[in-house]
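Rule-based calculations on the coordinates, nothing more; no lab input. What you see is a predicted model, and the numbers here were worked out from it, not measured in a lab. As a convention, Cβ positions derive from the backbone with ideal geometry for all residues, glycine included, and neighbour counts pool all protein chains shown.
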Amino acid sequence: MNTVEKNRLKNIPLATTEDRTDFVSWSMSVPDGSISAGWQSLHPRLADVVPAHVLRTSGAKLVSLARRELNQTPDQIAIAAGVPLSEVVALEHGDDVAAETISRVAGVLRLSADVLAQLFGFTQVLDSQLIEAATEFVVHLEPAEPLQPREMQALIKFRNAVQSGRGRMHVG
C-alpha cells in the first residue's frame, strides 16, 4: 500500500449507526478504558468518561449534606444504619467502605442505594445525566470566597519558593 492509499484509509470517516450505544459499550470494555480511531483517543463526550474521584467526591458530599439536612450527627446515622461510626465518617470523606454500608446508610438518609453505589464505584455509571449532575454538584459546592490571610501567606510563600528554585524545592 503506497502513501496515498494509506492516507485515504486513515482519513476515512468512522461509520457508525445513529445509535452509538454498542460502540460506547465496546469502548468502555477495553482494559485501559480507551480506544482509538485513526490514532486519536475517543472523545470524552462520546464515552461519558468522568474521573472516578469526581463521582466519589459527589457521593461523599451527597451523604454529608443529606445527613446534615436531617439534622443528624454521623454517630446518629451509624446507629440508625447499624454500621460502625468509622464507616459513616469514611463514607463522608469518600474513602472505601463496604457495599452493605452504602446500602444501609442510603436507607437511613432516604437516598438511592443504586445511585450511591454508582458514585462510589461499585457499579459502572452509564447514565450521562447522573455523571453531569454529579459533576455540577461538586463544582457548585466549591467555595468562591476570598482567601484568608494565612492562606494568602502560604500561597505567596509557596509561589516564591517554586519560582526561586525554578520549580525545584530545596529542603534544609
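Sorting ILE79, ILE131, ILE102, ILE156 from the fewest to the most surrounding beta carbons within 10 angstrom yields ILE156, ILE79, ILE131, ILE102.
Work out the length of the dipole vector of the stretch 52-141 about its Cα centre, built from +1 on the beta-carbon of each Lys and Arg and -1 on the beta-carbon of each Asp and Glu, and round it to the nearest 20 debye.
Details: 6 positive and 11 negative charges, 38 e Å.
Value, rounded to 20: 180 debye.
Length gained on full extension, ASP75 to THR135, computed as 0.36 nm times the residue gap minus the Cα-Cα distance: 18.8 nm. In the stretch 83-131, Cα pairs under 8 Å separated by at least six residues give a relative contact order of 25 percent. A simple rule links phi to the HN-Hα coupling: the Karplus curve 6.51 cos²θ - 1.76 cosθ + 1.60 with θ = phi - 60°, which for the stretch 66-75 gives 5, 5, 5, 4, 7, 6, 10, 8, x, 4 Hz, with x for Gly and Pro. Here the label points at ASP114 and ASP95, each 7 Å from Cα along the C-beta direction, are separated by 3.0 nm in the simple model.
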